[in-house]
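Structure first, commentary second.
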Amino acid sequence: MIVTEQTIKELETLRKEHLESDIISLISDTYGLSPAQSMNLYFSSRLCTDIAEGKYGIEQLDAHYLVDDMHRYEPELFADLK
């Protein structure tokens, strides 16, 4: 395999997509939400924006850590779940 700049960009995109999928699944499993509810919660979060923009290298972190972090720093997203 020849690694080109295009290959690296495609791999980064795939990594982000899989990370987002893992985060949405974890939210669903942890909080007993449907996949649609979990997607709405995730896509309305600052975490989603940070991952999309590649801020702070956050897309390199583990999904479990990021879900915990989102719950800690964006509690308003989870307020109606109780």
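The values are calculated or read from the model by the stated rules, or taken from the named source; none is laboratory data. Please read all numbers here as calculations on a predicted model, not as lab measurements. Every residue, glycine as well, gets a Cβ built from its backbone with ideal geometry; the counts of neighbours run over all protein chains shown.
Annotation note: Cβ proximity below 7 Å between a residue of region 44-57 that is modelled with pLDDT of 90 or more and a residue that is exposed (fewer than 12 other Cβ atoms within 10 Å of the Cβ) (sequence gap 6+ or interchain) occurs for ASP50/TYR56. LEU26: over 23 Å from LYS9 (Cβ atoms), in contact with a Leu (Cβ under 9 Å, 6 or more places away or on another chain) and touching a residue at least 40 places away in the same chain (Cβ under 8 Å), yes or no? In short, yes.
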